[in-house]
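*Asks:* Here it is, the structure in full.
The values are calculated or read from the model by the stated rules, or taken from the named source; none is laboratory data. These numbers were taken from a predicted model, which means no experiment stands behind them. We place every Cβ from the backbone using ideal geometry, glycine too, and count neighbours over all the protein chains shown. When the accessible area is computed, the model is the full protein with side chains, heavy atoms only, and any ligands, DNA or RNA have been set aside. Shrake-Rupley method; radii C 1.70, N 1.55, O 1.52, S 1.80 Å.
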Amino acid sequence: MSLKATLIPVTPFQQNCSLLWCDETMKGALVDPGGDIDKLMEACKENGVELEKILVTHGHIDHAGGVAELSELKNLPIEGPHEDDKFWIDGLTEQGQQFGIGPARPFTPTRWLTGGDQVTLGKLTLNVLHCPGHTPGHVVFYEPDSGLACVGDVLFKGSIGRTDFPKGDHATLITSITQMLWPLGDEVAFIPGHGPMSTFGEERRSNPFVGDSALK
Ligand SMILES: [Zn+2]
Ligand SMILES: [Zn+2]
């Protein structure tokens with residue numbers, strides 16, 4: 001059995017919602033369903049995936065704006081993010097109004113996550129890493145057998161997440177990336193919240209914010 005993944009850009013922010021699934025059971029999860037629920041349902045159908053749960057990396061509108069609606073529509077449990085993002089989730093309606101997205105609603109996750117937790121997907125197990133900095137409760141999902149990580153807005157190809165939001169912190173974000181992500185290995189491929197995929201090794205070589213030469 002192995003992990004399969006496909007990206008579905010959603011919302012005006014073109015956020016990479018990921019459909020992850022176990023190819024043995026064909027059970028899957030949507031990571032960060034920020035909106036465009038019809039498009040997400042279509043992707044599930046096309047790939048023959050039966051949704052088992054919703055996973056959330058952090059509480060920003062483009063990642064979490066469709067969670068309440070999808071959860072109610074399909075009766076799905078919600079896992080993540082870390083409870084330190086509760087203030088972002090509680091403010092989803094206001095976030096939606098601010099950016100002209102929505103209507104978005106707050107929700108209460110079925111399970112708040114923290115570093116060291118594991119979430120299941122069919123017969124697969126994903127490890128949870130708590131990576132604050134962009135938001136205080138940001139989590140990353142990592143599947144060791146396939147070497148794939150969903151990193152949300154922690155790290156991008158050639159860039160890193162913004163830290164100018166309330167409770168964002170640049171030094172904390174750098175520490176999350178170098179102390180939590182880099183140890184997973186250079187060959188790990190990651191799906192960022194926006195833009196194309198990359199690997200940790202490629203970012204260590206070339207990322208101007210967190211590359212090895214940038215941090216010397
Ligand atoms: Zn974000
Ligand atoms: Zn984002």
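*Asks:* Which ones in the stretch 66-88 are open to solvent by less than 10 Å² (accessible area, probe 1.4 Å) and over 12 Å from residue 108 (Cα atoms)?
*Replies:* Within the stretch 66-88, the first condition is being open to solvent by less than 10 Å² (accessible area, probe 1.4 Å), and the residues that meet it are 66-68, 70, 78, 80-81, 85.
Listed by number, the residues that qualify are 66, 70.
*Asks:* List the strands (runs of 3 or more DSSP E) that sit entirely inside the stretch 32-140 and contain at least 1 residues that are in contact with a Lys or Arg (Cβ under 8 Å, 6 or more places away or on another chain) and within 23 Å of residue 6 (Cβ to Cβ).
*Replies:* On the way: elements: 50-55, 118-121, 124-130.
In the stretch 32-140, the matching strands (runs of 3 or more DSSP E) lie at 50-55, 118-121.
*Asks:* If you don't mind, there's one more thing I want to ask. Can you tell me which residue is modelled with the highest pLDDT among those in the stretch 53-101 that are at positive phi and within 16 Å of ligand 2 (Cβ to nearest atom)?
*Replies:* To start, the set of residues in the stretch 53-101 that are at positive phi comprises 75, 80, 100.
Applying the additional criterion that residues be within 16 Å of ligand 2 (Cβ to nearest atom) yields 80, 100.
Numbers: 80: 98, 100: 85.
Restricting to residues being at positive phi and within 16 Å of ligand 2 (Cβ to nearest atom), the top hit is 80.
*Asks:* Within the stretch 31-52, can one find any residue that is within 13 Å of ligand 2 (Cβ to nearest atom), charged (D, E, K, R) and open to solvent by less than 10 Å² (accessible area, probe 1.4 Å)?
*Replies:* Filtering the stretch 31-52 for residues within 13 Å of ligand 2 (Cβ to nearest atom) gives 31-35.
With charged (D, E, K, R) added as a condition, the list becomes 32.
Narrowing the set further to residues that are open to solvent by less than 10 Å² (accessible area, probe 1.4 Å) leaves 32.
Yes.
*Asks:* Quick one: is residue 140 surrounded by 14 or more Cβ atoms within 10 Å (Cβ to Cβ), within 21 Å of residue 59 (Cβ to Cβ), within 16 Å of ligand 2 (Cβ to nearest atom) and touching a residue at least 60 places away in the same chain (Cβ under 8 Å)?
*Replies:* Details: surrounded by 14 or more Cβ atoms within 10 Å (Cβ to Cβ): yes; within 21 Å of residue 59 (Cβ to Cβ): yes; within 16 Å of ligand 2 (Cβ to nearest atom): yes; touching a residue at least 60 places away in the same chain (Cβ under 8 Å): yes.
Considered against the rule, which asks whether it is surrounded by 14 or more Cβ atoms within 10 Å (Cβ to Cβ), within 21 Å of residue 59 (Cβ to Cβ), within 16 Å of ligand 2 (Cβ to nearest atom) and touching a residue at least 60 places away in the same chain (Cβ under 8 Å), residue 140 comes out as yes.
*Asks:* Return yes when residue 186 is of a type in the set (Asp, Glu), farther than 21 Å from residue 53 by Cα and within 16 Å of ligand 2 (Cβ to nearest atom) and no when it is not.
*Replies:* Working: of a type in the set (Asp, Glu): yes; farther than 21 Å from residue 53 by Cα: yes; within 16 Å of ligand 2 (Cβ to nearest atom): no.
No.
*Asks:* Being within 14 Å of ligand 1 (Cβ to nearest atom), small (Gly, Ala, Ser) and crowded, with 23+ Cβ neighbours inside 10 Å is the filter here; which residues of the stretch 143-171 pass it?
*Replies:* 152, 161 - these are the residues of the stretch 143-171 that are within 14 Å of ligand 1 (Cβ to nearest atom), small (Gly, Ala, Ser) and crowded, with 23+ Cβ neighbours inside 10 Å.
*Asks:* Go over the candidates 114, 135 one by one and state the one that is among the polar types (S, T, N, Q), in contact (Cβ under 8 Å) with a residue 40 or more places away in the chain and in contact with a helix residue (DSSP H, G or I) (Cβ under 9 Å, 6 or more places away or on another chain). Please lay out each step first, then the result.
*Replies:* Numbers: 114 fails: in contact (Cβ under 8 Å) with a residue 40 or more places away in the chain.
Criteria check complete, one pass: 135.
*Asks:* For a quick check of your reading of the model, give me the residue pairs whose first member lies in the stretch 172-194 and is away from ligand 1 (no atom under 16 Å from the Cβ), whose second is of a type in the set (S, T, N, Q) and at pLDDT 95 or above, with beta-carbon atoms closer than 6 Å and at least 6 apart or on different chains.
*Replies:* Listed pairs, sorted by first residue: 189/199.
*Asks:* Quickly run through the stretch 141-193 and pick out the residues that are touching a Pro at 6+ places or on another chain (Cβ under 9 Å), assigned to a helix (DSSP H, G or I) and of a type outside the set (S, T, N, Q).
*Replies:* 173, 184
*Asks:* Oh, and also: What is the number of the single condition among (1) free of Cβ contacts under 8 Å to residues at least 40 places away in the same chain; (2) assigned to a loop (DSSP other than H, G, I, E, B) that residue 201 does not meet?
*Replies:* That leaves (2) as the condition not met.
*Asks:* Exactly one condition in (1) within 29 Å of residue 49 (Cβ to Cβ); (2) within 16 Å of ligand 1 (Cβ to nearest atom); (3) modelled with pLDDT of 95 or more is not met by residue 104; state its number.
*Replies:* For residue 104, the exception is condition (3).
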